[in-house]
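The values are calculated or read from the model by the stated rules, or taken from the named source; none is laboratory data. Note that the structure is a prediction, hence the values are computed from the model and not measured. Using ideal geometry, Cβ is built from the backbone for each residue, glycine included, and neighbour counts are taken over all protein chains shown.
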C-alpha cells in the first residue's frame, strides 16, 4: 500500500513538473513584447529550503534543478525581463543559487548577467562561490571570477587567488598559471599590465572554449 502511495505521489509530482516545463517552454516561444509581469517571477517552489524540496520531490531534486535551470534560462536570456524587471531577476538568481542546483551553466550565466545586464559585477562572487560548493573541481567557475577581478573590478590579488584555484584543477588551460604569476604581486594594474594579460590569453595556441569567451569580452569597448 505504501509503495502504491509513493508511486502515485511521484506520478503526481512529475505531472506537475511537466506542466511547469510546458508552461516555461511556451513562454520562451513568446516574443519579448508579449512578456508579462506574471511570467517574470522566480521558479515555482524556489522559496522553499532545499531540505523541504528534497521531501516534496521524494529525493528527485535533480528533476527540480533541471526545471529551475530552464526557467532561469528563460529569464536571463529575455531582454525584456532584464530591462524592465532587474530586481526580480536579481532576486530569482539568489533564490535559485540558494538551492545549489547541480548545473554549472546556471552559475556562469548568472554571473554574466550581473556583468553585462545588471551592471553589478560585485554580485558575481557570491554566485560563483555557491557554484564552487557544488562543483569544487570546476576550473570554469574560478576562471570566471578571476576575469571579473582582473578586467572589471581590477583587484589583481583577488584575481590571482581565483586563477590559482582554477590552475590547480584538472584540464585547466596552461595560460591560467601564467596569469597567476603576472597578477599575484601586483596592487594595481597599468594599461601595459592589461595588454600583457590579454596577450597571455590570446597568444596561447591550445584550444579552449573559455578563451573564446575572454576574446569576445576583451575585444569589446572599455575592456
(message) As an exercise: evaluate residue 148 against (1) touching a helix residue (DSSP H, G or I) at 6+ places or on another chain (Cβ under 9 Å); (2) surrounded by fewer than 15 Cβ atoms within 10 Å (Cβ to Cβ) and give the number of the one condition it does not meet.
(response) (2)
(request) With respect to residue 132, determine if the residue is closer than 22 Å to residue 111 by Cα, at pLDDT 95 or above and not assigned by TED's automatic domain parsing to the domain that holds residue 97. (result) no
(message) Can you tell me which of (1) in contact (Cβ under 8 Å) with a residue 12 or more places away in the chain; (2) more than 12 Å from the chain's Cα centre (by Cα); (3) surrounded by fewer than 18 Cβ atoms within 10 Å (Cβ to Cβ) is the one residue 180 doesn't meet?
(response) (3)
(request) For the range 157-168, indicate whether the set of residues that are farther than 22 Å from residue 204 by Cα and not assigned by TED's automatic domain parsing to the domain that holds residue 68 is non-empty. (result) yes
